[in-house]
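The values are calculated or read from the model by the stated rules, or taken from the named source; none is laboratory data. Quick caveat: nothing in here was measured; it's all calculated off a predicted structure. Cβ: placed from backbone, ideal geometry, glycine included. Neighbour counts: every protein chain shown. These accessible areas exclude ligands, DNA and RNA; they are computed on the full protein's heavy atoms, side chains included. Shrake-Rupley method; radii C 1.70, N 1.55, O 1.52, S 1.80 Å.
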Amino acid sequence: MKIQDIYIYPIKSLGGTRVEKAQVLTKGFRWDRRWMLVDESGKFLTQRTLHHMALLQVSLQEESLKVQHKHQPELTLEIPFVPETDEFITVNVWEDSLKGQIVSSRANQWFSKILKVNCKLVFMPESTVRNVEEKYSTNGETVSFADAMPYLLIGQCSLDDLNQKLDTPVPMERFRPNIVFSGGKAFEEDLWSEIIIGETRFKVTKPCARCVLTTVDQNTGTKGKEPLRTLATYRLKDKKVLFGQNLISLDHGVIKIGDKIIIK
């Protein structure tokens, strides 16, 4: 078994970018979900309700992010890695309240116009600490603006198994993994407790419970019923539809496509 794909999602719930290698940090890959859009009350925004967020693609540049509309490439925004303001506001991700740094008024105006909702883009500096839920933590790990865990891993064979049951196959991007591996058997990742990728150790913490975001077509920004409806027929446990495994990193390091996975 080896690493097939690595994905980073710099801005929570916008399109991700595939990379050849990534720096493993406690909060997640470097630059992964370090930015987030919030409404006027500071609550995080996602494709769960704003399906057309899927149409905004984010890529990593040398010293900035580039955001581009998938169907209107002239709609482009460049965001320097360093925020342009020193203003902090309280933002909310599920039950967590924390401080986010306002990136720029320019970014706020651009996203508000595109998404047709008043919103702000915030950044998570190193000074902002958001702890992983204690029962899943090993050494007081922290997490970015991700829903709950720093990393999500899925086997390609697991997706292949699902697609055999669907009338129209879905791509892996519906599930927003950080790490995709080839080889092994479908849902083999369900059985793991600790793995090594390259020279970096990861703890498998819990299965990922899936939501309606998986039913949003990432090319059209429209919502359907699949693959959640089919997954519910055979991946339902305690009223949760499970697909993929959440991880925390036990080391810092770099992983790259082609690295082998060692099961401990």
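Got a sec? Which of LEU77, LEU65, LEU152 is in a strand (DSSP E or B) and either touching a helix residue (DSSP H, G or I) at 6+ places or on another chain (Cβ under 7 Å) or among the acidic types (Asp, Glu) (or both)?
The conditions single out LEU77.
Sort out which residues of the stretch 1-16 are among the hydroxyl-bearing types (Ser, Thr, Tyr) and either part of a loop (DSSP other than H, G, I, E, B) or buried (at least 22 other Cβ atoms within 10 Å of the Cβ) (or both), and write them in order of number.
TYR9, SER13
Return the pairs, sorted by first residue and then second, in which the second residue is assigned to a strand (DSSP E or B) and polar (S, T, N, Q), the first residue lies in the stretch 35-54 and is closer than 12 Å to ILE89 by Cβ and in contact (Cβ under 8 Å) with a residue 24 or more places away in the chain, the beta carbons are less than 6 Å apart, and the residues are 6+ apart or on different chains.
Every condition considered, the pairs that remain are GLY42/THR90; GLY42/ASN92; LYS43/ASN92.
Hey, any hits in the stretch 215-226 for a residue that's of a type in the set (S, T, N, Q), at pLDDT 95 or above and farther than 30 Å from PRO73 by Cβ?
no
With the structure loaded, tell me whether ASP161 is farther than 19 Å from GLN23 by Cα and in a helix (DSSP H, G or I) or whether it fails that test.
Yes, satisfied.
Can you tell me how many residues within the stretch 102-127 are open to solvent by 10 Å² or more (accessible area, probe 1.4 Å) and without any contact (Cβ under 8 Å) to a residue 60 or more places away in the chain?
12
Looking only at the stretch 151-195, which residues are in contact (Cβ under 8 Å) with a residue 60 or more places away in the chain and of a type in the set (Val, Ile, Thr)?
Those that are in contact (Cβ under 8 Å) with a residue 60 or more places away in the chain and of a type in the set (Val, Ile, Thr): ILE154, ILE179, VAL180, ILE195.
Take the residues in the stretch 43-83 that are touching a Ser or Thr at 6+ places or on another chain (Cβ under 7 Å) and of a type in the set (Ser, Thr, Tyr); name whichever of them is least open to solvent (accessible area, probe 1.4 Å).
THR46
Find the residue count for the stretch 137-146, including only residues that are of a type in the set (Ser, Thr, Tyr) and buried (at least 17 other Cβ atoms within 10 Å of the Cβ).
2
Taking THR200 as the residue in question, decide whether it is under 18 Å from PHE29 (Cα atoms), open to solvent by 10 Å² or more (accessible area, probe 1.4 Å) and touching a strand residue (DSSP E or B) at 6+ places or on another chain (Cβ under 6 Å).
When the stated conditions are applied, THR200 does not pass them.
Kindly provide the set of residues from the stretch 147-180 that are surrounded by fewer than 19 Cβ atoms within 10 Å (Cβ to Cβ) and in contact with a Pro (Cβ under 7 Å, 6 or more places away or on another chain), ordered by number.
ASN163, LEU166
Only residues that are assigned to a loop (DSSP other than H, G, I, E, B) and open to solvent by 20 Å² or more (accessible area, probe 1.4 Å): list them for the stretch 17-42, please.
GLU20, THR26, ARG30, TRP31, ARG33, ASP39, GLU40, SER41
Quick one: GLY184 ticks every box in (1) touching a Phe, Trp or Tyr at 6+ places or on another chain (Cβ under 6 Å); (2) part of a loop (DSSP other than H, G, I, E, B) bar one, so which box is it?
(1)
I'd like the full set of residues that are within 17 Å of the chain's Cα centre (by Cα) and at negative phi, limited to the stretch 220-254.
LEU242, PHE243, GLN245, ASN246, LEU247, ILE248, SER249, listed by residue number.
List the number of the failed condition for ALA186; all other conditions in (1) in contact with a helix residue (DSSP H, G or I) (Cβ under 9 Å, 6 or more places away or on another chain); (2) within 25 Å of LYS260 (Cβ to Cβ); (3) crowded, with 20+ Cβ neighbours inside 10 Å hold.
All conditions pass for ALA186, except number (3).
Going by what's in this entry, would LYS99 be described as in contact with a Phe, Trp or Tyr (Cβ under 6 Å, 6 or more places away or on another chain), at pLDDT 95 or above and either assigned to a strand (DSSP E or B) or open to solvent by 30 Å² or more (accessible area, probe 1.4 Å) (or both)?
In short, yes.
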